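Below: one structure, written as structure tokens.
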Amino acid sequence: MKLASLKSGRDGKLVVVSKDLSRYAVAEDIAPTLQAALDDWSATKPRLEELSAMLERGDVASEKFEAEKFHSPLPRAYQWADGSAYINHVELVRKARGAEVPESFYSDPLMYQGGTDFLAPTEDIPLGDESWGLDLEGEIAVITGDVKRGVSPEEAEREIRLVMLVNDVSARGLIPGELAKGFGFFQSKPPTAFSPVAVTPDELGDAWDGRKLSGILKIDVNGEPFGRADAGKEMTFGFDQLVAHAARTRPLGAGTIIGSGTVSNKLDGGPGKPVSEGGAGYSCIAEIRMIETINDGEPKTSFLKDGDRVKIWMEDDEGRSIFGAIDQKVVKD
């Protein structure tokens, strides 16, 4: 089942989307918003699945799906927490500044709590001050149901309701100063955008194993291939572990979003190389700048500028878009 939120008010209007992303049917008679559906998932899920089946058969009124009509599946959320599950990304970050990765990073996930009002998947990314070093970050995220405090990873896995893609926008130039305070990210994390469609795990077939999503996360910058990393490879912590980590000392409310962190693959044991050179590329600009620093002593690739365009999407085995595309333009505000 595929769900989305039409732009309407602050929290959108819930719709069911066809498997091929060609049509949608309004679901407001079942739940007015996705958050409302998640709050009463045991009752709303069967009815939404029935509406989805009717949409596939053509037995319900529907309209053409156009990404511009939609907000992020949850236009705002009670909680958005982002992990760093791909240790290759962490290793590169630290290697570029000559630091070792603490042993605990391989057994205890990193996580920060982000903002709760999101950009639409086709909404412009405000540039702000160019010295802030605006970056994209291609990620996977899950939306949970109610999660009890202290759950095990096995219990946490059962509370994963939906899967979607993320562009976790970062202001790289502000990160060092914030981390130096020893209190984490805040100003360095502007509003995030999510894919127009969120998908139930059963819809993903063999690509979803209960804890991670396999498949190529495709990222283009200004129409050129930038990232082609496999989200299922080298993921040190699965979403079951990330959700359990987030709920270690507090419960999570239905509609909590948990992110994977930047998808990152190694190449033959090394840090990777650009798509143009046969590599998997990168899911953020900071990573290629790290590799340039390691190899050449300084970065060469610039961060996002006014007019740049970022597109993030994922396809199934038949080349069909699964979640729709995050397709944003950077605009000087």
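The values are calculated or read from the model by the stated rules, or taken from the named source; none is laboratory data. Worth saying up front: this structure is predicted, and the values here are computed from it rather than measured. Ideal geometry is used to build each Cβ from the backbone, glycine not excepted, and the neighbour counts take in all protein chains shown. Side chains included, ligands, DNA and RNA excluded: accessible areas come from the protein's heavy atoms. Shrake-Rupley method; radii C 1.70, N 1.55, O 1.52, S 1.80 Å.
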Exercise for review: Filter segment 313-333 down to residues that are closer than 18 Å to LEU213 by Cα and in contact with a Leu (Cβ under 8 Å, 6 or more places away or on another chain) and give me whichever is most open to solvent (accessible area, probe 1.4 Å).
Suggested key: ARG320
Review point. Is it the case that segment 80-97 has a residue that's closer than 22 Å to ALA141 by Cα, part of a loop (DSSP other than H, G, I, E, B), in contact with a Ser or Thr (Cβ under 8 Å, 6 or more places away or on another chain) and modelled with pLDDT of 95 or more?
Key: no
Practice item. Could you tell me whether segment 32-46 includes any residue that is of a type in the set (Gly, Ala, Ser), in a helix (DSSP H, G or I) and in contact with a helix residue (DSSP H, G or I) (Cβ under 7 Å, 6 or more places away or on another chain)? Key: yes
Practice item. Please work out which one of (1) in contact (Cβ under 8 Å) with a residue 24 or more places away in the chain; (2) surrounded by fewer than 22 Cβ atoms within 10 Å (Cβ to Cβ); (3) out of contact with any Leu (no Cβ under 9 Å at 6 or more places or on another chain) is the condition THR301 fails and give its number. Key: (1)
Exercise for review: Filter segment 186-206 for residues that are buried (at least 19 other Cβ atoms within 10 Å of the Cβ) and aliphatic (A, V, I, L, M) and give the result.
Suggested key: ALA193, VAL197, ALA198, VAL199
Exercise for review: Give the residues of segment 46-83 that are in contact (Cβ under 8 Å) with a residue 60 or more places away in the chain and out of contact with any strand residue (DSSP E or B) (no Cβ under 8 Å at 6 or more places or on another chain), sorted by residue number.
Suggested key: TYR78
Review point. Is there any pair with a first residue in segment 251-271 that is modelled with pLDDT under 95 and a second that is open to solvent by 10 Å² or more (accessible area, probe 1.4 Å) and of a type in the set (Lys, Arg) whose Cβ atoms are under 7 Å apart and which are 6 or more apart or on different chains, and what are they?
Key: ASN265/LYS233; LEU267/LYS273
Exercise for review: Using the structure shown, decide if GLN79 is of a type in the set (S, T, N, Q) and open to solvent by less than 30 Å² (accessible area, probe 1.4 Å).
Suggested key: yes
